[in-house]
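S.K.: Quick one: the structure is below, and I'll ask about it shortly.
The values are calculated or read from the model by the stated rules, or taken from the named source; none is laboratory data. No experiment lies behind these values; they were computed from the predicted model shown. Every residue, glycine as well, gets a Cβ built from its backbone with ideal geometry; the counts of neighbours run over all protein chains shown. Heavy atoms of the whole protein, side chains included, go into the accessibility calculation; ligands, DNA and RNA do not. Shrake-Rupley method; radii C 1.70, N 1.55, O 1.52, S 1.80 Å.
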Amino acid sequence: MKQQFQMLAAYNLWANARIYDAAETLDPDALDRDIGLYFKSLLRTLNHILVGDLIWMKRFTGEGASPGALDTVLHSALPALRIARDDEDKRIVEWIDSLDEAAFSGRFTYVTVTDVRTVSQRLAPALVHFFNHQTHHRGQAHAALSILGVEAPSLDLIYFHRTKDGARFA
(Lines give C-alpha, C1' and ligand atoms only; values in the text may rest on other atoms or scores of the structure.)
Protein backbone atom coordinates (compact mmCIF):
# COMPACT_ATOMS: atom_id res chain seq x y z
CA MET A 1 0.00 0.00 0.00
CA LYS A 2 2.80 2.43 0.82
CA GLN A 3 4.20 2.24 -2.70
CA GLN A 4 0.79 3.15 -4.16
CA PHE A 5 0.58 6.26 -1.99
CA GLN A 6 4.20 7.14 -2.76
CA MET A 7 3.27 6.96 -6.44
CA LEU A 8 0.26 9.24 -5.93
CA ALA A 9 2.35 11.75 -3.99
CA ALA A 10 5.04 11.80 -6.69
CA TYR A 11 2.39 12.02 -9.42
CA ASN A 12 0.72 14.91 -7.57
CA LEU A 13 4.00 16.84 -7.51
CA TRP A 14 4.57 16.18 -11.24
CA ALA A 15 1.01 17.05 -12.32
CA ASN A 16 0.91 20.24 -10.27
CA ALA A 17 4.19 21.40 -11.80
CA ARG A 18 2.74 20.88 -15.29
CA ILE A 19 -0.43 22.82 -14.46
CA TYR A 20 1.55 25.68 -12.94
CA ASP A 21 3.97 25.77 -15.89
CA ALA A 22 1.00 26.28 -18.22
CA ALA A 23 -0.72 28.77 -15.88
CA GLU A 24 2.43 30.91 -15.78
CA THR A 25 1.87 31.80 -19.44
CA LEU A 26 -1.34 33.70 -18.52
CA ASP A 27 -1.55 37.30 -17.40
CA PRO A 28 -2.91 38.01 -13.89
CA ASP A 29 -6.29 39.20 -15.21
CA ALA A 30 -6.86 35.93 -17.08
CA LEU A 31 -5.76 33.89 -14.05
CA ASP A 32 -8.43 35.44 -11.84
CA ARG A 33 -11.18 35.80 -14.47
CA ASP A 34 -14.49 34.20 -13.48
CA ILE A 35 -14.93 31.49 -16.11
CA GLY A 36 -17.70 29.60 -14.37
CA LEU A 37 -15.68 27.10 -12.34
CA TYR A 38 -16.91 26.07 -8.91
CA PHE A 39 -14.29 28.36 -7.39
CA LYS A 40 -14.81 30.79 -10.28
CA SER A 41 -11.26 31.30 -11.64
CA LEU A 42 -8.16 29.25 -12.31
CA LEU A 43 -6.29 31.13 -9.58
CA ARG A 44 -9.02 30.51 -7.03
CA THR A 45 -9.22 26.83 -8.03
CA LEU A 46 -5.46 26.45 -7.56
CA ASN A 47 -5.79 28.16 -4.18
CA HIS A 48 -8.57 25.73 -3.22
CA ILE A 49 -6.43 22.69 -4.07
CA LEU A 50 -3.70 24.00 -1.79
CA VAL A 51 -6.23 24.90 0.93
CA GLY A 52 -7.57 21.34 0.85
CA ASP A 53 -4.08 19.90 1.04
CA LEU A 54 -3.17 22.11 3.99
CA ILE A 55 -6.31 21.14 5.86
CA TRP A 56 -5.75 17.43 5.29
CA MET A 57 -2.04 17.55 6.07
CA LYS A 58 -2.80 19.32 9.36
CA ARG A 59 -5.26 16.51 10.14
CA PHE A 60 -2.76 13.83 9.15
CA THR A 61 0.36 15.26 10.78
CA GLY A 62 -0.85 17.78 13.37
CA GLU A 63 1.49 20.31 11.77
CA GLY A 64 1.10 23.29 9.47
CA ALA A 65 -1.58 25.84 8.67
CA SER A 66 -5.23 24.89 8.41
CA PRO A 67 -7.36 27.52 6.65
CA GLY A 68 -10.84 27.90 8.08
CA ALA A 69 -12.73 28.09 4.77
CA LEU A 70 -12.49 26.06 1.58
CA ASP A 71 -12.56 29.19 -0.59
CA THR A 72 -9.69 30.93 1.22
CA VAL A 73 -7.36 32.76 -1.15
CA LEU A 74 -3.93 32.09 0.30
CA HIS A 75 -2.06 33.93 -2.43
CA SER A 76 -3.49 36.37 -4.96
CA ALA A 77 -0.43 36.16 -7.22
CA LEU A 78 0.63 32.98 -9.00
CA PRO A 79 4.38 33.16 -8.17
CA ALA A 80 3.72 33.11 -4.41
CA LEU A 81 1.06 30.43 -4.82
CA ARG A 82 3.48 28.27 -6.80
CA ILE A 83 6.16 28.50 -4.13
CA ALA A 84 3.63 27.42 -1.50
CA ARG A 85 2.36 24.63 -3.80
CA ASP A 86 5.87 23.33 -4.45
CA ASP A 87 6.66 23.35 -0.74
CA GLU A 88 3.46 21.49 0.11
CA ASP A 89 4.00 18.90 -2.61
CA LYS A 90 7.46 18.16 -1.25
CA ARG A 91 6.04 17.94 2.28
CA ILE A 92 3.42 15.44 1.09
CA VAL A 93 6.06 13.26 -0.59
CA GLU A 94 8.30 13.36 2.48
CA TRP A 95 5.45 12.57 4.86
CA ILE A 96 4.22 9.58 2.84
CA ASP A 97 7.84 8.35 2.62
CA SER A 98 8.14 8.59 6.41
CA LEU A 99 5.20 6.24 7.09
CA ASP A 100 5.57 2.52 7.67
CA GLU A 101 3.18 0.06 6.06
CA ALA A 102 1.16 -0.38 9.26
CA ALA A 103 0.32 3.33 9.39
CA PHE A 104 -2.08 3.03 6.46
CA SER A 105 -4.45 0.78 8.37
CA GLY A 106 -4.24 2.95 11.49
CA ARG A 107 -6.96 5.40 12.51
CA PHE A 108 -6.89 9.12 13.07
CA THR A 109 -9.45 11.63 14.32
CA TYR A 110 -10.16 15.13 13.06
CA VAL A 111 -12.77 17.89 13.05
CA THR A 112 -14.46 18.70 9.75
CA VAL A 113 -14.46 22.20 8.24
CA THR A 114 -17.86 22.37 6.55
CA ASP A 115 -20.22 20.80 9.09
CA VAL A 116 -17.99 20.89 12.20
CA ARG A 117 -18.07 17.42 13.67
CA THR A 118 -15.50 14.91 14.84
CA VAL A 119 -14.66 12.02 12.53
CA SER A 120 -12.46 8.99 13.14
CA GLN A 121 -11.37 6.85 10.22
CA ARG A 122 -8.58 4.74 8.79
CA LEU A 123 -5.73 6.58 7.12
CA ALA A 124 -5.75 4.74 3.77
CA PRO A 125 -9.31 5.69 2.73
CA ALA A 126 -8.67 9.29 3.79
CA LEU A 127 -5.52 9.35 1.65
CA VAL A 128 -7.50 8.01 -1.32
CA HIS A 129 -9.87 10.95 -0.87
CA PHE A 130 -6.95 13.36 -0.44
CA PHE A 131 -5.34 12.40 -3.73
CA ASN A 132 -8.67 12.07 -5.55
CA HIS A 133 -9.64 15.58 -4.42
CA GLN A 134 -6.46 16.97 -5.93
CA THR A 135 -7.07 15.14 -9.21
CA HIS A 136 -10.70 16.29 -9.37
CA HIS A 137 -9.88 19.97 -9.01
CA ARG A 138 -6.73 19.71 -11.12
CA GLY A 139 -9.06 18.50 -13.88
CA GLN A 140 -11.04 21.72 -13.46
CA ALA A 141 -7.79 23.70 -13.65
CA HIS A 142 -6.89 21.77 -16.80
CA ALA A 143 -10.22 22.73 -18.39
CA ALA A 144 -9.70 26.34 -17.28
CA LEU A 145 -6.40 26.47 -19.15
CA SER A 146 -8.17 25.37 -22.32
CA ILE A 147 -10.96 27.90 -21.80
CA LEU A 148 -8.34 30.63 -21.35
CA GLY A 149 -6.60 29.66 -24.60
CA VAL A 150 -3.58 27.85 -23.19
CA GLU A 151 -2.61 24.39 -24.36
CA ALA A 152 -3.31 22.24 -21.32
CA PRO A 153 -0.66 19.61 -20.58
CA SER A 154 -1.40 15.91 -20.51
CA LEU A 155 -1.80 14.77 -16.92
CA ASP A 156 -2.49 11.09 -17.49
CA LEU A 157 -0.86 8.92 -14.84
CA ILE A 158 0.58 6.68 -17.56
CA TYR A 159 2.59 9.65 -18.88
CA PHE A 160 3.98 10.21 -15.42
CA HIS A 161 5.06 6.54 -15.41
CA ARG A 162 7.08 7.25 -18.55
CA THR A 163 9.12 9.99 -16.84
CA LYS A 164 12.35 9.50 -14.92
CA ASP A 165 10.56 10.13 -11.59
CA GLY A 166 7.57 7.96 -12.46
CA ALA A 167 9.41 4.98 -13.96
CA ARG A 168 9.97 3.35 -10.57
CA PHE A 169 6.19 2.99 -10.18
CA ALA A 170 5.53 1.58 -13.65
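S.K.: Select from Thr109, Phe131, Ile96 the residue farthest towards the positive end of the dipole of the range 19-146; place +1 on Cβ of Lys and Arg, -1 on Cβ of Asp and Glu, and compute about the Cα centre.
M.R.: Thr109
S.K.: Continuing with the same structure: So I have (i) 34, 17, 16; (ii) 26, 21, 12; (iii) 33, 21, 14, and one of them is semi-axes √(5λ) of the Cα gyration tensor in Å calculated from this model. Which one is it?
M.R.: (ii)
S.K.: Among Val128, Val119, Val150, which one shows the highest mean-square fluctuation when the chain is modelled as a Gaussian network with alpha-carbon springs under 10 Å?
M.R.: Result for the chain, Cα springs under 10 Å: Val119 fluctuates most.
S.K.: Continuing with the same structure: Work out which GluC sites (Glu not before Pro) in the chain are exposed loop sites (DSSP not H, G, I, E or B, at most 14 other Cβ within 10 Å) and give the longest gap free of them.
M.R.: Here the longest run is 64-150.
S.K.: Provide the per-residue ³J(HN,Hα) series for the range 49-62, in order, calculated from phi with Karplus coefficients 6.51, -1.76, 1.60 and θ = phi - 60°, each as a whole number of Hz, with x at glycine and proline positions.
M.R.: Taking θ as phi minus 60°, the curve returns 4, 5, 4, x, 5, 4, 4, 5, 5, 5, 5, 5, 10, x Hz for the range 49-62.
S.K.: Between Ala17 and Leu157, what is 0.36 nm times their sequence separation minus the Cα-Cα distance? Round to one decimal in nm.
M.R.: The Ala17-Leu157 span can extend by a further 49.0 nm.
S.K.: Rounded to the nearest 20 Debye, what is the dipole magnitude of the chain about its Cα centre when Lys and Arg each give +1 and Asp and Glu each give -1 at the C-beta?
M.R.: Values: 18 positive and 21 negative charges, 100 e Å.
Using Cβ point charges on Lys, Arg, Asp and Glu, the chain gives about 480 debye.
S.K.: Then there is this: Taking every pair of distinct Cα atoms and averaging 1/r, then inverting, what Kirkwood hydrodynamic radius in Å comes out for the range 63-128?
M.R.: About 14.2 Å for the range 63-128.
S.K.: Next question. Just the number please: accessible area per residue for the chain, 1.4 Å probe, all protein chains included, in Å². Let's see the in-between values first.
M.R.: Numbers: 8640 Å² over 170 residues.
Accessible area per residue: 51 Å².
S.K.: In the range 1-141, what percent of the accessible surface is made up of carbon and sulfur (1.4 Å probe, ligands and nucleic acids excluded)?
M.R.: The computed percentage sits at 53.
S.K.: Which pairs, out of Lys2/Lys164; Lys90/Lys164; Lys58/Lys164, put more than 26 Å between their alpha-carbon atoms?
M.R.: Violating the 26 Å limit, Cα to Cα: Lys58/Lys164.
S.K.: Using a Gaussian network model of the chain whose springs link C-alpha atoms within less than 10 Å, name the residue from Thr112, Thr135, Thr45 with the highest mean-square fluctuation.
M.R.: The residue that fluctuates most here is Thr112.
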